[in-house]
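Here is the structure we will look at.
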Amino acid sequence: MEMISDILLVAGAIGAGVYCFVLARRLNHFNDLETGMGGAVAVLSAQVDDLTRTLQAARQTADGSTRSLVSVTERAEDVARRLELLVAAMHDLPNHEGSPPQHRQAPVSPPIAEPGPVFKRHHEPARGAAQ
C-alpha cells in the first residue's frame, strides 16, 4: 500500500511538472512582443502615452483660447456699456421745434462749376432817349 501511494505521489508530481512546463511555454508565447499579447499591450501602452501628451497639449491650447475669449468678451461688454450710455445720452438731447428726431446726414455741397468767361452787362440808355 505504501508503494502504491509512492507511485501515485510520483505520478502526481510528474503530472504537475508537465502541466507547469506547458503553462510556462504558453505564457512565453502569450507575452511574446512580436506575435503575442505582449506586443499588443506594448503598442497600446505607447498609444496611451501619445494620447496623454496630445491631451495635455490640447488642454494648454484650450486654456489659452479660453483666456483670450474671456478677455475679448470683457472688452465687448465694456464697449456695449459705453454704447448704451451714448444712446441714452442721445435721447436727452432736445428736439428741434418739437419734431421727432431725424437722422442727420452730411450736408451735400453743390457741384462746383468751372469758372467761365465773365461778361459784364452795362446798363445802356434806352434808344430814343435824349441824345
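Which net charge results for the neighbourhood of Q60, defined as the other residues with beta-carbon distances under 14 angstrom from its beta-carbon, given Lys and Arg at +1 and Asp and Glu at -1? Don't skip to the end; give the middle numbers.
Working: positive: R53, R59, R67; negative: D63.
Its environment carries a net charge of +2.
Considering amide H positions built from the backbone, and no H for Pro or chain starts, which residues 5 or more places from G36, or on another chain, come under 5 Å of its amide H?
Placed amide hydrogens put nothing under 5 Å from G36.
Please compute the length gained on full extension between A24 and Q47, using 0.36 nm multiplied by the number of residues separating them and subtracting their Cα-Cα distance.
5.4 nm
Read-outs: derived from the displayed coordinates by stated rules, not from any lab. Computed from a predicted model, the values in this text were never measured in an experiment. Positions of Cβ are generated from backbone atoms using ideal geometry, with glycine treated the same way; all protein chains shown enter the neighbour counts.
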